[in-house]
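Before any comments, here is the structure.
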Amino acid sequence: MKLFTKEDFKIILNISDNESLVKKFLKSLNDPTFGMKITKAMIQREQGQFNQAMLNMAEVNRDQVLAIREIQLLIDNARGRELKGIVFQKYRQFYPFQIGLTDGEEVLELLSHVKVGYGEDFSKVVDNIHDLEKYIESSSEELEFIETRMRDRIPQSEIDNLRTTILNNETKLYEIKKVLIDKLITLVGNFYSYISAEDHVKIVRDVYLILTSSIETLDAKFVDVEKD
């Protein structure tokens, strides 16, 4: 799989004195998105692995909340003001999954700015990323099964074709993510021109994690916790 490196984002990763932040940033891009992790949890639930599914959903929910809180913390610190506590008032635990915030207007404004300023249908970009992730995951599992249990029954040409298709889709996923991150770098930088280089990296990472999740972040008044 083609992985992101520091060279891909030299424009903001030129912070040699904080290599741990660079590694954290790149790991977030190379790992499955929160949306993909939720998809896996839903599959586990369908397969009766309820405890594991619940654990994985809780992990994504926790990490998304941490990303939201970090953005607000960085904004407050950059503006030299008292820290503002965001309240996570509601959580819709079934599809469509949603987190409802109180006093989170600034974070919600940033997320809206990014989606509107992206220049195309942002939801389609995210859906494309998730579709590619799911295809790569299922095809890689199929390839592993063939190579370990059915190699003698499947022509080598078919195995090679499957491997090539996976590689092509991994490249496509890398390219879509690269465009997304490049645009996030610009949009976040324009929105918060006063933030430090390190805070810029952190906010881009947090926004990426939140917006590629399939748990939507909303004002609490728009979240209905009752099942339809």
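The values are calculated or read from the model by the stated rules, or taken from the named source; none is laboratory data. Being a predicted model, the structure only gives us computed values, none of them experimental. Using ideal geometry, Cβ is built from the backbone for each residue, glycine included, and neighbour counts are taken over all protein chains shown.
Values as computed for the structure displayed
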| read-out | value |
| --- | --- |
| Residue pairs meeting the criteria (Cβ under 6 Å; at least 6 apart or on separate chains; first within 25 Å of Q49 (Cβ to Cβ), in the stretch 11-38; second among the β-branched types (V, I, T)) | T33/T212; F34/V60; G35/T212; K37/V60; I38/V60 |
| Top-ranked residue in the stretch 44-75 [being of a type in the set (V, I, T) and in contact (Cβ under 8 Å) with a residue 40 or more places away in the chain; ranked as farthest from V188 (Cα to Cα)] | V60 |
| Hey, D17 more than 21 Å from the chain's Cα centre (by Cα), assigned to a helix (DSSP H, G or I) and either modelled with pLDDT under 90 or charged (D, E, K, R) (or both) or not | no |
| The stretch 37-54: number of residues that are β-branched (V, I, T) and surrounded by 19 or more Cβ atoms within 10 Å (Cβ to Cβ) | 1 |
| Residue within the stretch 23-36 that is crowded, with 18+ Cβ neighbours inside 10 Å, modelled with pLDDT under 95, in a helix (DSSP H, G or I) and not acidic (D, E) present | no |
| Top-ranked residue of the stretch 91-127 - restricted to ones that are of a type in the set (K, R) and out of contact with any Phe, Trp or Tyr (no Cβ under 7 Å at 6 or more places or on another chain), ranked as surrounded by the fewest Cβ atoms within 10 Å (Cβ to Cβ) | K124 |
| Meets criteria (touching a Pro at 6+ places or on another chain (Cβ under 9 Å), closer than 22 Å to F4 by Cβ and surrounded by 13 or more Cβ atoms within 10 Å (Cβ to Cβ)) for E170 | no |
| Subset tally (residues that are among the small types (G, A, S), in a helix (DSSP H, G or I) and surrounded by fewer than 15 Cβ atoms within 10 Å (Cβ to Cβ)) for the stretch 55-81 | 2 |
| Which listed residue is under 18 Å from the mean Cα position of the chain (by Cα) and assigned to a helix (DSSP H, G or I), from L108, L3 | L108 |
| For K84: the one exception among (1) free of Cβ contacts under 8 Å to residues at least 12 places away in the same chain; (2) not in a helix (DSSP H, G or I) | (1) |
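This table checks each residue for (1) farther than 30 Å from L73 by Cα; (2) in contact (Cβ under 8 Å) with a residue 60 or more places away in the chain; (3) over 16 Å from the mean Cα position of the chain (by Cα).
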residue: S140; (1), (2), (3): yes, no, yes
residue: D160; (1), (2), (3): yes, no, yes
residue: I176; (1), (2), (3): no, no, no
residue: H200; (1), (2), (3): no, yes, yes
residue: L211; (1), (2), (3): no, yes, no
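Residue by residue, here is whether (1) farther than 22 Å from L132 by Cα; (2) among the aromatic types (F, W, Y) holds:
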| position | (1), (2) |
| --- | --- |
| I12 | yes, no |
| L21 | yes, no |
| F25 | no, yes |
| P32 | no, no |
| R45 | no, no |
| Q49 | yes, no |
| M54 | yes, no |
| E70 | yes, no |
